[in-house]
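> Here it is, the structure, as C-alpha coordinates.
The values are calculated or read from the model by the stated rules, or taken from the named source; none is laboratory data. Bear in mind that the values here come from a model prediction, so they are computed numbers and not experimental data. Positions of Cβ are backbone-derived with ideal geometry, glycine not excepted, and every protein chain shown enters the neighbour counts. What goes into the accessible areas is simple: the full protein's heavy atoms, side chains included, and nothing from ligands, DNA or RNA. Shrake-Rupley method; radii C 1.70, N 1.55, O 1.52, S 1.80 Å.
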Amino acid sequence: MFSKSLLFIALLIYQTKCELKIFDPKSCELGTLVKEIESYDGVVKKILDYTVSGPFKGKTYDELAKFVDKFGARPSGTDVLEKSIDYMIELTKKEGLNDVITEEVKVPLWERGEEKITMLEPREKDIALLGLGKSATTPPEGLTGEVVVVRNFEELEGISEDKIKGKIVLYVPVFTAYGETVTYRSQGASKASAKGAIASLVRSITPYSLYTPHTGSQTYADGVVPIPTAAITLEDADLITRMYDKGEKVVLNIKMSSKLDENKISRNTLIDLKGSEYPEKLVIVSGHIDSWDVGQGAMDDGGGMFVSWAAPVILKRLHLTPKRTVRAIFWTAEELGLIGAYAYEKAHRNESDNINFIMESDEGTFAPLGLAVSGTQKARCIIAEILKLFKSINASTLVEENSPGSDIAIFTGNGIPGASLHNDNGKYFWFHHTEADTMNVENPDELDLGAAFWTAVAYIIADLSIDIPR
Ligand SMILES: *[C@@H]1O[C@H](CO)[C@@H](O)[C@H](O)[C@H]1NC(C)=O
Ligand SMILES: *[C@@H]1O[C@H](CO)[C@@H](O)[C@H](O)[C@H]1NC(C)=O
Ligand SMILES: [Zn+2]
(Lines give C-alpha, C1' and ligand atoms only; values in the text may rest on other atoms or scores of the structure.)
(Ligands and ions follow the chains in the order given, each with its own letter.)
Protein backbone atom coordinates (compact mmCIF):
# COMPACT_ATOMS: atom_id res chain seq x y z
CA MET A 1 0.00 0.00 0.00
CA PHE A 2 1.42 3.29 -1.15
CA SER A 3 1.07 6.42 0.92
CA LYS A 4 -1.77 8.07 -0.91
CA SER A 5 -1.10 10.94 -3.22
CA LEU A 6 -1.27 14.46 -1.85
CA LEU A 7 -4.74 14.87 -3.27
CA PHE A 8 -6.13 12.39 -0.81
CA ILE A 9 -4.07 13.20 2.22
CA ALA A 10 -6.38 15.81 3.72
CA LEU A 11 -9.36 13.52 3.37
CA LEU A 12 -7.42 10.60 4.69
CA ILE A 13 -6.24 12.44 7.79
CA TYR A 14 -9.82 13.32 8.50
CA GLN A 15 -10.95 9.72 8.06
CA THR A 16 -8.18 7.94 9.87
CA LYS A 17 -8.46 10.15 12.94
CA CYS A 18 -12.02 8.98 13.38
CA GLU A 19 -13.26 5.60 14.40
CA LEU A 20 -14.45 3.36 11.56
CA LYS A 21 -17.80 4.62 10.43
CA ILE A 22 -20.16 1.64 10.26
CA PHE A 23 -23.00 2.13 7.79
CA ASP A 24 -26.52 2.06 9.15
CA PRO A 25 -28.90 0.62 6.52
CA LYS A 26 -32.07 1.62 8.42
CA SER A 27 -33.08 4.34 5.98
CA CYS A 28 -32.45 2.17 2.90
CA GLU A 29 -35.45 1.56 0.66
CA LEU A 30 -34.57 -0.93 -2.02
CA GLY A 31 -38.02 -2.28 -2.82
CA THR A 32 -37.99 -5.42 -4.93
CA LEU A 33 -34.20 -5.35 -5.09
CA VAL A 34 -34.14 -6.84 -1.58
CA LYS A 35 -35.75 -10.05 -2.83
CA GLU A 36 -33.54 -10.09 -5.89
CA ILE A 37 -30.41 -9.83 -3.75
CA GLU A 38 -31.68 -12.51 -1.35
CA SER A 39 -32.03 -14.85 -4.31
CA TYR A 40 -28.23 -14.98 -4.61
CA ASP A 41 -28.03 -16.88 -1.33
CA GLY A 42 -27.62 -20.18 -3.17
CA VAL A 43 -24.79 -18.84 -5.34
CA VAL A 44 -23.00 -17.51 -2.28
CA LYS A 45 -23.24 -20.92 -0.60
CA LYS A 46 -21.98 -22.62 -3.75
CA ILE A 47 -18.95 -20.32 -4.00
CA LEU A 48 -18.21 -20.61 -0.27
CA ASP A 49 -18.46 -24.42 -0.32
CA TYR A 50 -16.24 -24.72 -3.38
CA THR A 51 -13.60 -22.33 -2.01
CA VAL A 52 -13.61 -22.91 1.73
CA SER A 53 -14.23 -26.65 1.98
CA GLY A 54 -14.34 -27.95 -1.61
CA PRO A 55 -11.82 -28.36 -4.45
CA PHE A 56 -10.43 -24.80 -4.08
CA LYS A 57 -9.64 -25.17 -0.36
CA GLY A 58 -6.05 -24.11 0.27
CA LYS A 59 -5.53 -23.21 -3.40
CA THR A 60 -5.20 -19.45 -2.93
CA TYR A 61 -2.52 -19.90 -0.27
CA ASP A 62 -0.70 -22.62 -2.25
CA GLU A 63 -0.60 -20.56 -5.44
CA LEU A 64 0.47 -17.45 -3.53
CA ALA A 65 3.25 -19.42 -1.83
CA LYS A 66 4.48 -20.86 -5.14
CA PHE A 67 4.53 -17.38 -6.64
CA VAL A 68 6.17 -15.63 -3.71
CA ASP A 69 8.75 -18.38 -3.18
CA LYS A 70 9.66 -18.34 -6.87
CA PHE A 71 10.00 -14.59 -7.36
CA GLY A 72 10.45 -13.01 -3.95
CA ALA A 73 10.42 -9.22 -3.99
CA ARG A 74 9.13 -7.59 -7.22
CA PRO A 75 10.18 -3.96 -7.29
CA SER A 76 9.01 -1.59 -10.01
CA GLY A 77 11.27 -1.54 -13.04
CA THR A 78 12.97 -4.90 -12.41
CA ASP A 79 13.16 -7.97 -14.67
CA VAL A 80 11.84 -10.13 -11.86
CA LEU A 81 8.63 -8.11 -11.77
CA GLU A 82 8.15 -8.63 -15.52
CA LYS A 83 8.84 -12.38 -15.17
CA SER A 84 6.30 -12.58 -12.38
CA ILE A 85 3.74 -10.89 -14.66
CA ASP A 86 4.46 -13.47 -17.39
CA TYR A 87 4.01 -16.22 -14.80
CA MET A 88 0.59 -14.89 -13.75
CA ILE A 89 -0.53 -14.76 -17.39
CA GLU A 90 0.48 -18.42 -17.85
CA LEU A 91 -1.18 -19.47 -14.60
CA THR A 92 -4.40 -17.76 -15.69
CA LYS A 93 -4.40 -19.28 -19.18
CA LYS A 94 -3.95 -22.73 -17.64
CA GLU A 95 -7.37 -22.15 -16.06
CA GLY A 96 -8.88 -21.72 -19.52
CA LEU A 97 -9.19 -17.96 -19.12
CA ASN A 98 -7.86 -16.55 -22.37
CA ASP A 99 -9.06 -12.95 -22.23
CA VAL A 100 -5.80 -11.80 -20.68
CA ILE A 101 -4.04 -8.68 -21.90
CA THR A 102 -1.30 -6.42 -20.60
CA GLU A 103 -0.89 -2.68 -21.07
CA GLU A 104 2.53 -1.05 -20.97
CA VAL A 105 3.38 1.62 -18.42
CA LYS A 106 6.56 3.67 -18.01
CA VAL A 107 7.84 3.10 -14.48
CA PRO A 108 10.90 4.01 -12.38
CA LEU A 109 13.52 1.61 -11.06
CA TRP A 110 15.06 2.68 -7.75
CA GLU A 111 17.82 0.30 -6.73
CA ARG A 112 18.95 0.34 -3.14
CA GLY A 113 22.71 0.12 -2.63
CA GLU A 114 24.78 0.03 0.55
CA GLU A 115 23.07 1.61 3.56
CA LYS A 116 24.65 2.12 6.96
CA ILE A 117 24.10 4.41 9.91
CA THR A 118 26.61 4.58 12.75
CA MET A 119 25.95 6.52 15.91
CA LEU A 120 29.25 8.18 16.83
CA GLU A 121 28.15 10.15 19.93
CA PRO A 122 27.25 9.76 22.76
CA ARG A 123 28.39 6.16 22.13
CA GLU A 124 29.14 4.02 19.12
CA LYS A 125 26.28 1.90 17.84
CA ASP A 126 25.02 0.58 14.53
CA ILE A 127 21.55 1.84 13.68
CA ALA A 128 19.40 -0.39 11.43
CA LEU A 129 17.80 1.52 8.56
CA LEU A 130 15.97 1.31 5.27
CA GLY A 131 16.31 4.15 2.81
CA LEU A 132 12.99 5.52 1.61
CA GLY A 133 11.97 5.19 -2.03
CA LYS A 134 13.90 7.41 -4.46
CA SER A 135 16.04 8.76 -1.63
CA ALA A 136 19.07 10.79 -2.64
CA THR A 137 22.49 9.27 -1.95
CA THR A 138 25.26 10.41 0.38
CA PRO A 139 28.93 10.83 -0.58
CA PRO A 140 30.81 7.51 -0.24
CA GLU A 141 32.23 8.49 3.14
CA GLY A 142 28.73 9.40 4.29
CA LEU A 143 27.31 12.49 5.93
CA THR A 144 28.06 13.21 9.57
CA GLY A 145 25.82 15.47 11.59
CA GLU A 146 24.14 16.17 14.87
CA VAL A 147 20.56 15.03 15.35
CA VAL A 148 17.59 17.28 16.02
CA VAL A 149 14.58 15.28 17.23
CA VAL A 150 11.07 16.51 16.45
CA ARG A 151 7.75 14.87 17.31
CA ASN A 152 5.76 16.62 14.61
CA PHE A 153 5.91 19.26 11.88
CA GLU A 154 4.75 22.02 14.24
CA GLU A 155 7.78 21.35 16.42
CA LEU A 156 10.04 21.58 13.35
CA GLU A 157 8.40 24.87 12.37
CA GLY A 158 9.10 26.25 15.83
CA ILE A 159 12.87 25.69 15.60
CA SER A 160 14.91 28.43 13.92
CA GLU A 161 16.75 27.60 10.68
CA ASP A 162 20.20 28.13 12.17
CA LYS A 163 19.49 25.28 14.63
CA ILE A 164 18.56 22.90 11.77
CA LYS A 165 21.14 23.91 9.17
CA GLY A 166 23.77 21.20 8.68
CA LYS A 167 21.96 18.78 10.98
CA ILE A 168 19.98 15.56 10.67
CA VAL A 169 16.29 15.82 11.49
CA LEU A 170 14.76 12.76 13.15
CA TYR A 171 10.96 12.63 13.16
CA VAL A 172 9.50 10.56 16.01
CA PRO A 173 5.73 10.75 15.48
CA VAL A 174 3.68 8.41 17.61
CA PHE A 175 1.80 5.97 15.36
CA THR A 176 -1.88 6.85 15.48
CA ALA A 177 -3.29 5.69 12.14
CA TYR A 178 -1.29 4.98 9.00
CA GLY A 179 -2.84 7.72 6.88
CA GLU A 180 -2.02 10.33 9.49
CA THR A 181 1.43 9.19 10.63
CA VAL A 182 2.74 8.36 7.15
CA THR A 183 3.01 12.05 6.23
CA TYR A 184 6.25 12.13 8.28
CA ARG A 185 7.65 9.51 5.94
CA SER A 186 6.26 10.91 2.70
CA GLN A 187 6.96 14.62 3.33
CA GLY A 188 9.57 14.61 6.10
CA ALA A 189 12.64 14.96 3.87
CA SER A 190 11.19 17.93 1.98
CA LYS A 191 10.25 19.83 5.12
CA ALA A 192 13.62 19.14 6.78
CA SER A 193 15.49 20.12 3.63
CA ALA A 194 13.55 23.36 3.36
CA LYS A 195 15.04 24.32 6.74
CA GLY A 196 18.60 23.39 5.74
CA ALA A 197 18.92 19.84 7.13
CA ILE A 198 21.50 17.57 5.43
CA ALA A 199 19.44 14.38 5.92
CA SER A 200 16.23 13.24 7.56
CA LEU A 201 15.21 10.09 9.39
CA VAL A 202 11.81 8.87 10.46
CA ARG A 203 10.71 6.52 13.22
CA SER A 204 9.20 3.64 11.22
CA ILE A 205 5.48 3.96 10.49
CA THR A 206 4.24 1.06 12.59
CA PRO A 207 2.58 0.52 15.97
CA TYR A 208 4.90 -2.37 16.88
CA SER A 209 8.47 -3.43 16.27
CA LEU A 210 10.89 -6.28 16.77
CA TYR A 211 13.77 -4.04 15.67
CA THR A 212 12.56 -3.84 12.07
CA PRO A 213 12.82 -0.74 9.88
CA HIS A 214 9.92 -0.05 7.47
CA THR A 215 10.59 1.53 4.08
CA GLY A 216 8.06 3.34 1.89
CA SER A 217 7.66 6.06 -0.65
CA GLN A 218 8.44 9.73 -0.19
CA THR A 219 8.50 12.64 -2.60
CA TYR A 220 10.68 15.72 -2.75
CA ALA A 221 8.64 18.88 -3.10
CA ASP A 222 9.53 21.12 -6.05
CA GLY A 223 12.48 23.36 -5.37
CA VAL A 224 13.90 21.63 -2.28
CA VAL A 225 17.38 20.06 -2.21
CA PRO A 226 16.79 16.28 -2.30
CA ILE A 227 18.46 15.13 0.93
CA PRO A 228 19.07 11.48 1.87
CA THR A 229 16.20 10.05 3.90
CA ALA A 230 15.60 6.76 5.69
CA ALA A 231 13.46 4.98 8.27
CA ILE A 232 14.95 3.59 11.47
CA THR A 233 13.43 1.21 14.02
CA LEU A 234 11.11 2.29 16.83
CA GLU A 235 13.76 1.01 19.25
CA ASP A 236 16.59 3.17 17.91
CA ALA A 237 14.34 6.19 17.35
CA ASP A 238 13.20 6.02 20.96
CA LEU A 239 16.77 5.49 22.21
CA ILE A 240 17.98 8.57 20.34
CA THR A 241 14.98 10.53 21.61
CA ARG A 242 15.77 9.66 25.24
CA MET A 243 19.40 10.73 24.75
CA TYR A 244 18.34 13.95 23.02
CA ASP A 245 15.75 14.80 25.68
CA LYS A 246 18.46 14.46 28.37
CA GLY A 247 20.44 17.10 26.51
CA GLU A 248 23.03 14.71 25.11
CA LYS A 249 24.56 15.49 21.73
CA VAL A 250 23.73 12.66 19.29
CA VAL A 251 25.96 12.45 16.21
CA LEU A 252 25.32 10.05 13.33
CA ASN A 253 27.18 9.09 10.20
CA ILE A 254 24.80 8.12 7.39
CA LYS A 255 25.94 6.25 4.27
CA MET A 256 23.39 5.59 1.57
CA SER A 257 23.83 4.67 -2.08
CA SER A 258 21.23 3.88 -4.74
CA LYS A 259 20.51 4.18 -8.45
CA LEU A 260 17.46 5.67 -10.14
CA ASP A 261 16.31 5.00 -13.71
CA GLU A 262 13.00 6.68 -14.54
CA ASN A 263 12.53 5.01 -17.93
CA LYS A 264 11.68 1.35 -17.42
CA ILE A 265 8.65 -0.36 -18.90
CA SER A 266 6.24 -2.52 -16.93
CA ARG A 267 2.68 -3.74 -17.50
CA ASN A 268 -0.77 -3.73 -15.94
CA THR A 269 -2.45 -7.12 -16.34
CA LEU A 270 -6.17 -7.40 -17.21
CA ILE A 271 -8.07 -10.68 -16.97
CA ASP A 272 -11.65 -10.71 -18.20
CA LEU A 273 -14.44 -13.13 -17.50
CA LYS A 274 -16.75 -11.73 -20.15
CA GLY A 275 -20.28 -10.84 -19.17
CA SER A 276 -23.18 -12.56 -20.94
CA GLU A 277 -25.38 -9.47 -21.49
CA TYR A 278 -23.27 -6.35 -21.03
CA PRO A 279 -19.68 -7.39 -21.70
CA GLU A 280 -18.61 -3.75 -21.97
CA LYS A 281 -19.70 -3.08 -18.38
CA LEU A 282 -17.10 -3.89 -15.75
CA VAL A 283 -16.87 -4.99 -12.15
CA ILE A 284 -13.18 -4.71 -11.35
CA VAL A 285 -11.35 -6.70 -8.65
CA SER A 286 -7.74 -5.73 -8.11
CA GLY A 287 -4.47 -5.77 -6.22
CA HIS A 288 -0.92 -4.76 -7.12
CA ILE A 289 1.75 -7.17 -8.32
CA ASP A 290 4.83 -5.06 -7.54
CA SER A 291 6.31 -4.89 -4.06
CA TRP A 292 9.07 -3.16 -2.15
CA ASP A 293 12.57 -4.54 -2.55
CA VAL A 294 12.63 -5.82 1.04
CA GLY A 295 10.58 -8.78 2.20
CA GLN A 296 8.70 -10.90 -0.31
CA GLY A 297 5.56 -8.89 -1.00
CA ALA A 298 3.46 -11.80 0.28
CA MET A 299 1.11 -9.59 2.28
CA ASP A 300 1.65 -6.35 0.34
CA ASP A 301 0.20 -7.16 -2.02
CA GLY A 302 0.56 -10.81 -3.08
CA GLY A 303 -2.53 -11.75 -1.05
CA GLY A 304 -4.63 -8.98 -2.56
CA MET A 305 -3.54 -9.91 -6.06
CA PHE A 306 -4.31 -13.60 -5.50
CA VAL A 307 -7.83 -13.12 -4.11
CA SER A 308 -8.46 -10.97 -7.19
CA TRP A 309 -6.99 -13.67 -9.42
CA ALA A 310 -9.25 -16.21 -7.71
CA ALA A 311 -12.45 -14.34 -8.65
CA PRO A 312 -12.52 -15.03 -12.43
CA VAL A 313 -10.90 -18.44 -11.87
CA ILE A 314 -13.53 -19.65 -9.39
CA LEU A 315 -16.39 -18.25 -11.49
CA LYS A 316 -15.01 -19.96 -14.58
CA ARG A 317 -14.60 -23.27 -12.75
CA LEU A 318 -18.18 -23.05 -11.43
CA HIS A 319 -19.54 -22.00 -14.85
CA LEU A 320 -20.98 -18.86 -13.31
CA THR A 321 -21.19 -16.18 -16.00
CA PRO A 322 -22.59 -12.87 -14.74
CA LYS A 323 -24.33 -10.34 -16.98
CA ARG A 324 -21.42 -7.87 -16.77
CA THR A 325 -17.71 -8.60 -17.19
CA VAL A 326 -15.65 -9.36 -14.10
CA ARG A 327 -12.18 -7.94 -14.74
CA ALA A 328 -9.24 -8.75 -12.47
CA ILE A 329 -6.47 -6.16 -12.66
CA PHE A 330 -2.95 -6.56 -11.30
CA TRP A 331 -1.66 -3.01 -11.03
CA THR A 332 2.03 -2.39 -11.58
CA ALA A 333 4.32 0.06 -9.77
CA GLU A 334 1.87 0.88 -7.02
CA GLU A 335 4.55 1.34 -4.41
CA LEU A 336 6.30 4.18 -6.19
CA GLY A 337 3.13 6.20 -6.64
CA LEU A 338 0.11 4.31 -8.04
CA ILE A 339 1.79 4.53 -11.44
CA GLY A 340 -0.02 1.61 -13.09
CA ALA A 341 -3.41 2.74 -11.83
CA TYR A 342 -2.87 6.31 -13.06
CA ALA A 343 -1.89 4.94 -16.48
CA TYR A 344 -4.97 2.71 -16.66
CA GLU A 345 -7.29 5.55 -15.64
CA LYS A 346 -5.82 7.75 -18.35
CA ALA A 347 -5.88 5.11 -21.09
CA HIS A 348 -9.47 4.05 -20.30
CA ARG A 349 -10.93 7.44 -19.44
CA ASN A 350 -13.27 7.32 -22.45
CA GLU A 351 -14.76 4.11 -21.02
CA SER A 352 -14.98 5.13 -17.39
CA ASP A 353 -18.79 5.20 -17.52
CA ASN A 354 -18.59 1.46 -18.02
CA ILE A 355 -16.97 0.79 -14.65
CA ASN A 356 -19.93 -0.32 -12.59
CA PHE A 357 -17.94 -1.02 -9.42
CA ILE A 358 -14.23 -1.19 -8.58
CA MET A 359 -12.70 -3.24 -5.77
CA GLU A 360 -9.19 -3.46 -4.37
CA SER A 361 -7.50 -5.50 -1.68
CA ASP A 362 -4.26 -3.87 -0.52
CA GLU A 363 -4.48 -3.79 3.26
CA GLY A 364 -4.07 -7.44 4.05
CA THR A 365 -6.01 -10.62 3.31
CA PHE A 366 -6.72 -11.62 6.88
CA ALA A 367 -10.23 -12.85 7.79
CA PRO A 368 -12.72 -10.82 5.73
CA LEU A 369 -15.11 -8.64 7.74
CA GLY A 370 -16.92 -6.86 4.93
CA LEU A 371 -16.20 -3.92 2.63
CA ALA A 372 -15.13 -0.30 3.03
CA VAL A 373 -17.36 1.40 0.47
CA SER A 374 -17.41 4.78 -1.22
CA GLY A 375 -20.34 5.99 -3.28
CA THR A 376 -23.81 7.39 -2.87
CA GLN A 377 -26.24 6.41 -0.13
CA LYS A 378 -28.17 4.28 -2.63
CA ALA A 379 -24.98 2.51 -3.73
CA ARG A 380 -24.08 1.78 -0.12
CA CYS A 381 -27.62 0.51 0.55
CA ILE A 382 -27.28 -2.02 -2.26
CA ILE A 383 -23.84 -3.19 -1.15
CA ALA A 384 -25.02 -3.44 2.46
CA GLU A 385 -27.88 -5.64 1.31
CA ILE A 386 -25.45 -7.87 -0.58
CA LEU A 387 -23.20 -8.11 2.47
CA LYS A 388 -26.09 -9.58 4.49
CA LEU A 389 -25.51 -12.76 2.49
CA PHE A 390 -22.14 -13.18 4.24
CA LYS A 391 -23.36 -13.43 7.84
CA SER A 392 -22.25 -17.07 8.02
CA ILE A 393 -18.61 -16.00 7.62
CA ASN A 394 -18.93 -12.79 9.67
CA ALA A 395 -18.22 -10.59 6.66
CA SER A 396 -21.34 -8.42 6.65
CA THR A 397 -19.94 -5.09 7.84
CA LEU A 398 -20.07 -2.07 5.57
CA VAL A 399 -17.62 0.64 6.58
CA GLU A 400 -18.23 4.07 5.06
CA GLU A 401 -15.02 5.34 3.48
CA ASN A 402 -14.75 8.24 1.08
CA SER A 403 -11.43 7.11 -0.32
CA PRO A 404 -11.04 3.34 0.09
CA GLY A 405 -7.97 1.44 -1.09
CA SER A 406 -4.87 2.96 -2.65
CA ASP A 407 -4.86 2.40 -6.43
CA ILE A 408 -8.64 2.64 -6.71
CA ALA A 409 -8.79 5.98 -4.90
CA ILE A 410 -8.02 7.48 -8.32
CA PHE A 411 -11.31 6.06 -9.61
CA THR A 412 -13.51 6.54 -6.57
CA GLY A 413 -12.22 10.12 -6.48
CA ASN A 414 -13.89 10.51 -9.91
CA GLY A 415 -17.23 9.34 -8.50
CA ILE A 416 -17.01 5.67 -9.49
CA PRO A 417 -18.45 3.54 -6.68
CA GLY A 418 -15.91 1.19 -5.15
CA ALA A 419 -14.69 -0.72 -2.14
CA SER A 420 -11.62 -2.08 -0.45
CA LEU A 421 -11.56 -5.32 1.51
CA HIS A 422 -12.38 -4.67 5.16
CA ASN A 423 -10.49 -7.39 7.00
CA ASP A 424 -9.15 -8.32 10.40
CA ASN A 425 -5.88 -6.53 9.71
CA GLY A 426 -4.90 -5.16 13.11
CA LYS A 427 -1.36 -6.46 12.58
CA TYR A 428 -0.97 -5.36 8.98
CA PHE A 429 1.36 -2.47 9.75
CA TRP A 430 3.60 -4.65 11.91
CA PHE A 431 4.90 -6.25 8.71
CA HIS A 432 4.23 -3.58 6.08
CA HIS A 433 7.24 -2.66 3.88
CA THR A 434 9.72 -4.76 5.89
CA GLU A 435 11.86 -7.87 5.49
CA ALA A 436 9.13 -9.61 7.54
CA ASP A 437 6.51 -9.38 4.77
CA THR A 438 6.74 -13.10 3.98
CA MET A 439 4.41 -16.09 3.64
CA ASN A 440 4.53 -16.50 7.42
CA VAL A 441 2.06 -13.61 7.67
CA GLU A 442 -0.49 -15.43 5.49
CA ASN A 443 -3.10 -17.93 6.67
CA PRO A 444 -4.63 -20.51 4.27
CA ASP A 445 -8.11 -20.53 5.83
CA GLU A 446 -8.36 -16.75 5.92
CA LEU A 447 -7.23 -16.57 2.29
CA ASP A 448 -9.96 -19.08 1.38
CA LEU A 449 -12.58 -16.95 3.10
CA GLY A 450 -11.21 -13.82 1.43
CA ALA A 451 -11.16 -15.40 -2.03
CA ALA A 452 -14.71 -16.73 -1.64
CA PHE A 453 -16.02 -13.43 -0.34
CA TRP A 454 -14.30 -11.39 -3.06
CA THR A 455 -15.55 -13.73 -5.79
CA ALA A 456 -19.14 -13.87 -4.61
CA VAL A 457 -19.42 -10.10 -4.07
CA ALA A 458 -18.01 -9.40 -7.53
CA TYR A 459 -20.35 -11.95 -9.09
CA ILE A 460 -23.49 -10.56 -7.50
CA ILE A 461 -22.69 -6.94 -8.40
CA ALA A 462 -21.83 -8.00 -11.96
CA ASP A 463 -25.07 -9.95 -12.29
CA LEU A 464 -27.66 -7.61 -10.69
CA SER A 465 -30.53 -6.30 -12.80
CA ILE A 466 -29.39 -2.71 -12.16
CA ASP A 467 -26.07 -0.88 -12.29
CA ILE A 468 -24.67 0.39 -9.00
CA PRO A 469 -25.88 4.01 -9.13
CA ARG A 470 -23.41 6.93 -9.04
C1 LIG B 1 -11.59 4.29 -25.96
O2 LIG B 1 -10.36 4.55 -26.59
C3 LIG B 1 -9.67 3.37 -27.00
C4 LIG B 1 -8.29 3.76 -27.50
O5 LIG B 1 -8.36 4.86 -28.37
C6 LIG B 1 -10.50 2.63 -28.06
O7 LIG B 1 -9.85 1.45 -28.45
C8 LIG B 1 -11.86 2.30 -27.45
O9 LIG B 1 -12.68 1.70 -28.42
C10 LIG B 1 -12.54 3.56 -26.92
N11 LIG B 1 -13.76 3.18 -26.22
C12 LIG B 1 -14.89 3.85 -26.34
C13 LIG B 1 -16.05 3.34 -25.52
O14 LIG B 1 -15.01 4.83 -27.03
C1 LIG C 1 -18.14 -16.18 12.97
O2 LIG C 1 -18.34 -15.78 14.30
C3 LIG C 1 -18.85 -16.82 15.14
C4 LIG C 1 -19.18 -16.21 16.48
O5 LIG C 1 -18.12 -15.44 16.97
C6 LIG C 1 -17.82 -17.94 15.22
O7 LIG C 1 -18.30 -19.00 16.02
C8 LIG C 1 -17.53 -18.45 13.81
O9 LIG C 1 -16.50 -19.41 13.84
C10 LIG C 1 -17.13 -17.30 12.90
N11 LIG C 1 -17.01 -17.82 11.54
C12 LIG C 1 -15.93 -17.62 10.78
C13 LIG C 1 -15.96 -18.22 9.42
O14 LIG C 1 -14.99 -16.99 11.16
ZN1 LIG D 1 0.35 -2.34 -1.21
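> Helix 303-317: angle to the longest alpha-carbon principal axis of the chain, degrees 0 to 90, nearest 10?
Roughly 10 degrees, rounded to the nearest 10.
> For region 277-319, what is one quarter of the convex hull surface built on the Cα atoms, given in nm²? If you can, show how the numbers build up before the last one.
Values: hull surface 15.3 nm².
Computed as one quarter of the Cα hull surface, the answer is 3.8 nm².
> Over region 112-259, how many percent of alpha carbon pairs lie in each 10 Å bin up to the one with the longest distance?
Bins of 10 Å from zero give 13, 48, 36, 4 percent of pairs.
> Please report, in Å, the Rg and the Dmax of region 401-470, where both are computed over Cα atoms only.
Computed over the Cα atoms of region 401-470, radius of gyration and Dmax are 15.1, 46 Å.
> Apply 1/(1 + (r/R0)^6) to the Cβ-Cβ distance of E157 and N263, taking R0 = 41 Å, and write down the FRET efficiency to the nearest 0.05.
On the way: r = 37 Å, r/R0 = 0.91.
Plugging the Cβ-Cβ distance into 1/(1 + (r/R0)^6) gives 0.65.
> Also, quick follow-up: What does the charge count around V44 come to, taking other residues whose C-beta lies under 14 Å from its C-beta (Lys +1, Arg +1, Asp -1, Glu -1)? Don't skip to the end; give the middle numbers.
Values: positive: K45, K46, K388, K391; negative: E36, E38, D41, D49, E385, D463.
Charge balance near V44 sits at -2.
> Would you compute, from DSSP H runs of 4+ residues alone, the mean residue ellipticity of the chain at 222 nm, taking -39500 (n - 2.57) per run and dividing by the full residue count, rounded to the nearest 500?
Working: 17 runs with 153 residues, N = 470.
Calculated at 222 nm, the ellipticity per residue is -9000 deg cm²/dmol.
> Then there is this: Pop out the Kirkwood hydrodynamic radius of region 30-94 from its pairwise C-alpha distances, inverse of mean 1/r, in Å to one decimal.
Values: mean 1/r = 0.0674 Å⁻¹.
Evaluated on region 30-94, it is 14.8 Å.
> Semi-axes of region 221-329's equivalent ellipsoid from the Cα gyration tensor, sqrt of 5 times each eigenvalue, largest first, rounded to whole Å?
48, 18, 12
> Sorted by average packing, counted as other Cβ atoms within 10 angstrom per residue and highest first, what order do 437-450, 240-253 take?
Numbers: 437-450: 20.1, 240-253: 15.4.
Going from most to least packed, we get 437-450, 240-253.
> Right, something else. Would you work out the charge dipole size for the chain about its Cα centre, treating the Cβ of every Lys and Arg as +1 and the Cβ of every Asp and Glu as -1, and quote it to the nearest 20 debye?
On the way: 51 positive and 68 negative charges, 72 e Å.
Charge dipole of the chain: 340 debye, to the nearest 20.
> Can I ask one more? Quick check: net charge around K388, other residues with Cβ under 10 Å of its Cβ, Lys/Arg +1 and Asp/Glu -1? Each step should come with its number before you reach the end.
Details: positive: K391; negative: E38, D41, E385.
Neighbour charge sum, excluding K388 itself: -2.
> So, R0 is 41 Å and r is the distance between the beta-carbons of T32 and T176; what FRET efficiency does that work out to, to 0.05? Write down the numbers at each step before the final one.
On the way: r = 45 Å, r/R0 = 1.09.
About 0.40, to the nearest 0.05.
> For region 224-292 and region 334-400, write down the distance between their C-alpha centroids in whole Å.
After rounding, the separation between the Cα centres reads 22 Å.
> Next up: Quick check: at a probe of 1.4 Å, how many percent of the accessible area of region 112-259 sits on carbon and sulfur atoms? Walk me through the numbers before you get to the answer.
Values: 3190 of 6110 Å².
Here carbon and sulfur together make up 52 percent of the probe-accessible area.
> Angle, helix 6-17 long axis vs. longest principal axis of the chain, Cα atoms, 0 to 90°, nearest 10?
On a 0 to 90 degree scale, this one is about 80.
> Right, another one. Please compute the per residue accessible area over region 112-259 with all protein chains in place, 1.4 Å probe, rounded to a whole number of Å². Please list the in-between numbers first.
Numbers: 6110 Å² over 148 residues.
I get 41 Å² per residue for region 112-259.
> Whole-Hz Karplus ³J(HN,Hα) for region 145-159, in order, using 6.51 cos²θ - 1.76 cosθ + 1.60 and θ = phi - 60°, x for Gly and Pro?
x, 7, 8, 10, 9, 10, 8, 7, 5, 4, 4, 4, 4, x, 9
> Which whole-number percentage describes the relative contact order of the chain, with Cα contacts under 8 Å and a sequence gap of 6 or more? Numbers along the way, then the final one.
Working: 1119 pairs, mean separation 107.0, N = 470.
Reported relative contact order: 23 percent.
> Restricted to Cα positions, what overall size does region 200-285 have along the principal axes? Three whole-Å values, descending.
Principal-axis extents of region 200-285 (Cα, largest first): 71, 32, 21 Å.
> For K35, tell me the accessible area in Å² from a 1.4 Å probe, rounded to the nearest 10.
150 Å²
> Next question, about the same structure. Using only the C-alpha atoms of the chain, find the volume of their convex hull and express it per residue in Å³.
Working: hull volume 62.9 nm³, N = 470.
So the per-residue Cα hull volume is 134 Å³.
> Any number yet on Rg/Rh for region 21-162, C-alpha, Kirkwood?
Working: Rg = 26.4 Å, Rh = 22.5 Å.
That ratio equals 1.17.
> Next up: Rank-order 214-226, 192-204, 288-300 by packing density, defined as the average count of other C-beta atoms within 10 Å over each peptide's residues, highest first. Before the final figure, lay out each step's value.
Working: 214-226: 17.5, 192-204: 25.1, 288-300: 26.8.
Highest to lowest by the protection proxy: 288-300, 192-204, 214-226.
> Cβ neighbours within 10 Å, averaged per peptide: list 145-153, 95-103 in order, most packed at the top. Write down the numbers at each step before the final one.
On the way: 145-153: 18.1, 95-103: 14.3.
Most protected by this proxy first, the peptides run 145-153, 95-103.
> So between K21 and K249, what do we pick up on full extension, going 0.36 nm a residue minus the alpha carbon distance? Intermediate values should be presented prior to the final figure.
On the way: separation 228, 0.36 × 228 = 82.08 nm, distance 4.52 nm.
Going from the current span to full extension adds 77.6 nm.
> Net charge within 11 Å of G58 by Cβ-Cβ distance, Lys/Arg positive one each and Asp/Glu negative one each, not counting G58 itself?
Numbers: positive: K57, K59; negative: D62, E63, D445, D448.
So the environment of G58 carries a net charge of -2.
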